[in-house]
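In what follows, a single structure is set out as structure tokens and then discussed.
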Amino acid sequence: EAGVTQSPTHLIKTRGQQATLRCSPISGHTSVYWYQQALGLGLQFLLWYDEGEERNRGNFPPRFSGRQFPNYSSELNVNALELEDSALYLCASSLAGGGYDTQYFGPGTRLTVL
Amino acid sequence: AQTVTQSQPEMSVQEAETVTLSCTYDTSESDYYLFWYKQPPSRQMILVIRQEAYKQQNATENRFSVNFQKAAKSFSLKISDSQLGDAAMYFCAYRMPFYNQGGKLIFGQGTELSVKP
């Protein structure tokens, strides 16, 4: 069974541009979570999507947004990129948003903002 | 607010020896899940072990086991017979109850484990 996949592996942008990151969950998983792993800041929760809806977001500005498609894949968009947005962005999926289902992570997208 | 603390930024162990990584957390909830994830240099976050708070029995997965002390809010990871492939950053994580912010994970700062041959 395929795990969580993310694309691209690396993404280099300049300040002010927009970045789009993609995530495909494990087959059968309906919930997708996004986390940011920035140097010195640790892993922080960004967004949670379930059944096509944004269900919760972390303490991030509205520049960070996304969506979930009918096939449960997800896209994270970061607008007006700033230097501090440089980080590893991890996507995780779980069977359902409720309960205590384990979140399984993808390999991440390394975003570099110059 | 819930917090997770890993007080050991770095740990080192000799191959075949045993090492214990510490984790404490703070929550007012009575029912929750705790996890240990491993992040090797490839950056892929890999689940090592999980513990349900309502279970008193400590979870075990092959060479990995936990010491879960609910009253003390402590959740340490023991790695037995350490192998070179165990070298990685280890993160302790607390999962919020679903009715509270939808089950997001709160991570500790991580412990970098090195294994000496």
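The values are calculated or read from the model by the stated rules, or taken from the named source; none is laboratory data. Note that the structure is predicted; figures quoted are calculated from it, not measured. Here the Cβ is made from the backbone with ideal geometry for all residues, glycine too, and neighbour counts use every protein chain on show.
Listed conditions (1) out of contact with any helix residue (DSSP H, G or I) (no Cβ under 6 Å at 6 or more places or on another chain); (2) more than 22 Å from A:Leu41 (Cβ to Cβ); (3) crowded, with 17+ Cβ neighbours inside 10 Å; (4) at pLDDT 95 or above are all met by B:Gln83, apart from (3). The criterion of being assigned to a strand (DSSP E or B) and in contact with a Gly (Cβ under 7 Å, 6 or more places away or on another chain) holds for B:Tyr90.
Annotation: B:Thr60 fulfils all but one of (1) closer than 22 Å to A:Leu39 by Cα; (2) more than 10 Å from every other protein chain (Cβ to nearest Cβ); (3) of a type in the set (S, T, N, Q); the unmet one is (1). Checking each residue in the stretch A:32-51 for being crowded, with 19+ Cβ neighbours inside 10 Å and touching a Phe, Trp or Tyr at 6+ places or on another chain (Cβ under 7 Å) picks out A:Val32, A:Tyr33, A:Trp34, A:Tyr35, A:Gln36, A:Leu43, A:Phe45, A:Leu46, A:Leu47, A:Trp48. The strands (runs of 3 or more DSSP E) located wholly in the stretch A:36-114 that include 2 or more residues which are more than 12 Å from every other protein chain (Cβ to nearest Cβ) occupy A:64-68, A:74-78, A:109-113.
Does A:Ile12 meet the test of being more than 10 Å from the chain's Cα centre (by Cα) and assigned to a strand (DSSP E or B)? It is true that A:Ile12 is more than 10 Å from the chain's Cα centre (by Cα) and assigned to a strand (DSSP E or B).
Per-residue answers, yes or no, for (1) part of a strand (DSSP E or B); (2) under 11 Å from the mean Cα position of the chain (by Cα); (3) within 20 Å of A:Tyr104 (Cβ to Cβ):
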{"position": "B:Tyr37", "(1), (2), (3)": "yes, yes, yes"}
{"position": "B:Gln44", "(1), (2), (3)": "no, no, yes"}
{"position": "B:Leu47", "(1), (2), (3)": "yes, yes, yes"}
{"position": "B:Tyr54", "(1), (2), (3)": "no, no, no"}
{"position": "B:Ser65", "(1), (2), (3)": "yes, yes, no"}
{"position": "B:Ala71", "(1), (2), (3)": "no, no, no"}
{"position": "B:Ser76", "(1), (2), (3)": "yes, yes, no"}
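Residues of the stretch B:7-39 that are within 11 Å of another protein chain (Cβ to nearest Cβ) and surrounded by 13 or more Cβ atoms within 10 Å (Cβ to Cβ): B:Tyr32, B:Tyr33, B:Leu34, B:Phe35, B:Tyr37, B:Lys38, B:Gln39. Considering (1) within 24 Å of A:Gly40 (Cβ to Cβ); (2) within 10 Å of another protein chain (Cβ to nearest Cβ); (3) touching a residue at least 24 places away in the same chain (Cβ under 8 Å); (4) not β-branched (Val, Ile, Thr), the lone condition that B:Pro97 does not fulfil carries the number (1).
Would you confirm, using the coordinates I've provided, whether A:Ile26 is more than 10 Å from every other protein chain (Cβ to nearest Cβ), assigned to a strand (DSSP E or B) and surrounded by 13 or more Cβ atoms within 10 Å (Cβ to Cβ)? Judged against the criteria, A:Ile26 is not a match.
If you go through the stretch B:60-73 and keep only what is surrounded by 15 or more Cβ atoms within 10 Å (Cβ to Cβ) and either in contact with an Asp or Glu (Cβ under 8 Å, 6 or more places away or on another chain) or closer than 18 Å to B:Thr3 by Cβ (or both), you end up with B:Phe68, B:Lys70, B:Lys73.
Each row is one residue, and each column tells you yes or no for (1) within 22 Å of B:Gln44 (Cβ to Cβ); (2) modelled with pLDDT under 95; (3) not polar (S, T, N, Q).
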residue: A:Tyr35; (1), (2), (3): yes, no, yes
residue: A:Leu41; (1), (2), (3): yes, yes, yes
residue: A:Asp50; (1), (2), (3): no, yes, yes
residue: A:Leu76; (1), (2), (3): yes, no, yes
